[in-house]
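Everything on this sheet refers to the single structure shown next.
The values are calculated or read from the model by the stated rules, or taken from the named source; none is laboratory data. Note that the structure is a prediction, hence the values are computed from the model and not measured. A quick note on method: Cβ atoms are made from the backbone with ideal geometry, for glycine too, and the neighbour counts reach across all protein chains shown.
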Ligand SMILES: [Zn+2]
């Protein structure tokens with residue numbers, strides 16, 4: 001068993017409070033034949049300025065350093081794309097740095113921004129992410145994504161990342177899902193939910209009104225995963241402005257919303273799954289060692305941790321984050337979350353990694369109706385609505401932007417601006433998208449605290465971003 | 001005259017021969033919805049990379065000889081002393097000392113079992129495996145990690161006993177020189193070039 005030292009498990013502490021002041025994003029789509037990447041990045045930054053009623057030039061005058069999340073140089077065919085964007089944003093001669101941690105790139109870009117402000121190095125940071133995934137056809141795109149696996153040991157095996165993920169899905173499906181039809185339908189329900197919420201989101205690439213049967217009848221990609229269980233391949237950009245308290249107050253002088261406290265933590269695990277010795281399950285504040293004593297008995301094959309059924313990186317990010325900000329029970333303490341639903345089944349695995357349900361019982365979060373905006377079982381608001389943006393399955397997965405899009409979305413809820421932004425007829429028209437006749441306001445009423453999980457396949461990097469209304473902190477000195 | 005890029009090492013340096021890239025012209029991308037105005041350009045590129053296996057070379061060389069090599073930490077002071085790693089790791093992930101290379105072909109033949117698997121209908125560009133690809137992750141007695149590979153014959157199941165096969169004829173010197181088949185598979189059922 002691997003043991004971690006108390007130095008390694010130390011709870012992070014910021015040197016001073018850090019605030020999310022504003023955020024913005026571009027339209028997301030499979031391809032933008034008519035736009036260069038910088039046009040999308042400028043769309044995102046311009047929206048961030050508009051959100052707080054300042055001009056882009058005013059906002060820029062506050063920025064001191066920049067972190068750019070852009071995962072795949074080979075996708076965009078531009079090494080050091082960060083320097084191109086930095087130049088086009090007219091932010092020279094400020095210091096800037098490229099960030100890449102696979103699917104978690106967006107979250108990691110925020111992580112770096114928060115640390116730069118917390119340390120006192122900068123009072124205002126731009127964290128911007130994007131991905132250009134339309135410069136190659138899908139087949140070649142799958143090849144390029146597979147290059148993120150170990151190139152000698154895994155990539156030559158089919159050059160298909162979905163396959164490396166799907167072996168984890170299969171193990172979970174057999175061990176915890178017990179191959180039950182009812183569980184397969186629960187997975188399909190997640191796809192229905194996320195494509196359905198995407199219908200209310202003008203930024204979203206894949207709005208669909210579908211049924212569980214549609215998901216179950218979509219083509220098999222890697223059994224039991226079908227086409228509609230999988231995330232999108234996207235192009236787009238998103239950004240966030242992260243500040244210290246004094247700058248946050250100045251920048252929001254004429255803003256309809258107040259700045260939010262922000263914390264970001266990170267975890268990692270091996271690139272090749274189960275590539276280290278096993279270990280005891282690291283516990284979250286709402287768990288006890290006792291509850292997992294007979295996990296292998298209840299779910300034969302589930303005794304090896306982290307094995308193939310969970311994402312240790314997500315568990316560690318949640319461990320650091322919850323302890324840092326004082327979360328005891330995520331379902332009770334949080335109001336809205338965005339998770340990295342790369343696949344319906346990895347969404348369920350994440351519910352367990354971050355303690356929304358204990359290991360083995362993730363499906364209950366969907367089956368109870370807790371994950372919905374309005375719980376279909378009770379007709380009342382869901383306890384902890386997830387992925388109201390549509391997530392990676394319904395909204396987008398423009399890799400470097402994804403983790404920042406999630407934070408834009410949860411911030412809109414705490415700012416009570418979700419309907420204003422997502423219901424804006426002008427925005428729907430500008431994006432050349434049709435607002436549905438049954439468009440529904442998905443604002444989570446009274447949201448004060450939120451979480452976003454940004455995740456790299458196959459769980460190599462995960463970040464947890466927590467936002468709170470500064471008047472609703474759980475731990476005063478967090 | 002065109003010739004595949006070839007490389008060998010002499011005096012500690014790469015010696016290269018042949019073509020390492022192919023030249024294909026750019027083509028304009030035009031908008032058929034708007035008077036065929038220029039929208040962009042294609043950028044063809046085909047390159048050959050020169051990659052060192054370093055300390056893992058012996059693993060890939062051994063596959064072509066029908067042997068599965070692993071490594072073991074023999075550092076007396078290491079908390080995980082005696083741990084065997086497959087996939088092959090050059091250094092112990094705990095103490096970072098150089099590990100001992102061991103031949104685990106027999107352990108694989110006698111104890112390999114499917115830990116999990118996936119039948120994948122799709123592949124990315126440059127894939128040369130037959131679809132659907134039957135990915136398997138393999139556990140071994142006494143080995144603390146799990147190896148990814150593929151099943152060349154039959155249908156995978158969790159817990160299924162499998163044995164390794166090796167491409168000894170015309171090896172590729174990549175991870176694809178190793179595959180797995182269910183225990184008791186007859187040798188005349190193995191894919192071309194492979195043997196036990
Ligand atoms: Zn060691």
Could you grab the pairs with beta carbons closer than 6 Å, sequence gap of 6+ or different chains, first residue in the stretch A:248-273 and closer than 30 Å to residue A:154 by Cβ, second one assigned to a strand (DSSP E or B)?
A:264/A:463; A:264/A:465; A:265/A:464; A:266/A:463; A:267/A:462; A:268/A:461
Segments classed as strands (runs of 3 or more DSSP E), wholly inside the stretch A:205-299, with at least 1 members that are within 14 Å of chain B (Cβ to nearest Cβ) and at pLDDT 95 or above:
A:260-268
Do you know which of the residues in the stretch B:53-67 that are closer than 22 Å to residue B:126 by Cα and out of contact with any strand residue (DSSP E or B) (no Cβ under 8 Å at 6 or more places or on another chain) is surrounded by the fewest Cβ atoms within 10 Å (Cβ to Cβ)?
B:53
Name the single residue that is farthest from residue A:76 (Cα to Cα) among those in the stretch B:27-43 being more than 8 Å from every other protein chain (Cβ to nearest Cβ) and in contact with a strand residue (DSSP E or B) (Cβ under 8 Å, 6 or more places away or on another chain).
B:36
Consider residue B:16 against the criteria (1) assigned to a loop (DSSP other than H, G, I, E, B); (2) away from every other protein chain (no Cβ under 13 Å): it satisfies all of them except one. Which criterion is unmet?
(1)
Would you call residue B:163 farther than 22 Å from residue A:270 by Cβ, away from the ligand (no atom under 16 Å from the Cβ) and outside any loop (DSSP other than H, G, I, E, B)?
yes
Options B:151, B:129, B:147: the member that is away from the ligand (no atom under 16 Å from the Cβ), within 20 Å of residue A:167 (Cα to Cα), at the interface with chain A (Cβ under 8 Å from one of its Cβ atoms) and under 17 Å from the mean Cα position of the chain (by Cα):
B:129
So residue B:121 clears everything in (1) within 17 Å of the chain's Cα centre (by Cα); (2) facing chain A (nearest Cβ under 8 Å); (3) surrounded by fewer than 22 Cβ atoms within 10 Å (Cβ to Cβ) except one condition, right? Which one?
(1)
Being in contact with a strand residue (DSSP E or B) (Cβ under 8 Å, 6 or more places away or on another chain) and buried (at least 24 other Cβ atoms within 10 Å of the Cβ) is the filter; apply it to the stretch A:168-187 and report the residue that is farthest from residue A:140 (Cα to Cα).
A:171
Within the stretch A:154-164, how many residues turn out to be crowded, with 24+ Cβ neighbours inside 10 Å and more than 7 Å from every other protein chain (Cβ to nearest Cβ)?
2
Please tell me if residue B:181 is within 16 Å of the ligand (Cβ to nearest atom) and more than 14 Å from the chain's Cα centre (by Cα).
no
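Condition check ((1) at pLDDT 95 or above; (2) assigned by TED's automatic domain parsing to the domain that holds residue A:404; (3) closer than 28 Å to residue A:200 by Cα; (4) surrounded by fewer than 23 Cβ atoms within 10 Å (Cβ to Cβ)) across all residues:
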| site | (1), (2), (3), (4) |
| --- | --- |
| A:38 | yes, no, yes, yes |
| A:72 | no, no, no, yes |
| A:97 | yes, no, no, yes |
| A:105 | yes, no, yes, no |
| A:109 | yes, no, yes, no |
| A:115 | yes, no, no, yes |
Which condition from (1) part of a loop (DSSP other than H, G, I, E, B); (2) buried (at least 17 other Cβ atoms within 10 Å of the Cβ) is the one that residue B:150 breaks?
(1)
Looking at the structure I just gave you, is residue B:93 within 11 Å of the ligand (Cβ to nearest atom) and not in a strand (DSSP E or B)?
yes
Which of the helices (runs of 4 or more DSSP H) contained wholly in the stretch A:43-152 include at least 2 residues that are in contact with a strand residue (DSSP E or B) (Cβ under 9 Å, 6 or more places away or on another chain) and over 28 Å from residue A:272 (Cβ atoms)?
A:56-62, A:81-88, A:105-118
Output the qualifying pairs, or none if there are none: Cβ atoms under 9 angstrom, residues six or more apart or on different chains, first residue in the stretch B:84-99 and more than 23 Å from residue B:137 (Cβ to Cβ), second residue in a loop (DSSP other than H, G, I, E, B) and more than 7 Å from the ligand (Cβ to nearest atom).
B:95/B:77; B:95/B:79; B:97/B:74; B:97/B:77; B:98/B:90
Does the stretch B:96-117 hold any residues that are in a strand (DSSP E or B), away from the ligand (no atom under 15 Å from the Cβ) and more than 12 Å from chain A (Cβ to nearest Cβ), and which are they?
B:103
Kindly indicate whether residue B:137 is closer than 30 Å to residue B:100 by Cβ and facing chain A (nearest Cβ under 7 Å).
yes
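Would you point out the residue of the stretch B:64-82, among those that are in contact with a helix residue (DSSP H, G or I) (Cβ under 7 Å, 6 or more places away or on another chain) and in a loop (DSSP other than H, G, I, E, B), that is farthest from the ligand (Cβ to nearest atom)?
Among them, the one singled out is B:64.
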Would you confirm whether or not the stretch B:39-52 contains a residue that is loosely packed, with under 15 Cβ neighbours inside 10 Å, away from the ligand (no atom under 15 Å from the Cβ) and part of a helix (DSSP H, G or I)?
no
Does residue A:109 meet the test of being more than 9 Å from chain B (Cβ to nearest Cβ), out of contact with any helix residue (DSSP H, G or I) (no Cβ under 6 Å at 6 or more places or on another chain) and closer than 30 Å to residue A:16 by Cα?
yes
If we keep just the residues of the stretch A:139-153 that are closer than 13 Å to residue B:123 by Cβ and facing chain B (nearest Cβ under 7 Å), which is surrounded by the most Cβ atoms within 10 Å (Cβ to Cβ)?
A:146
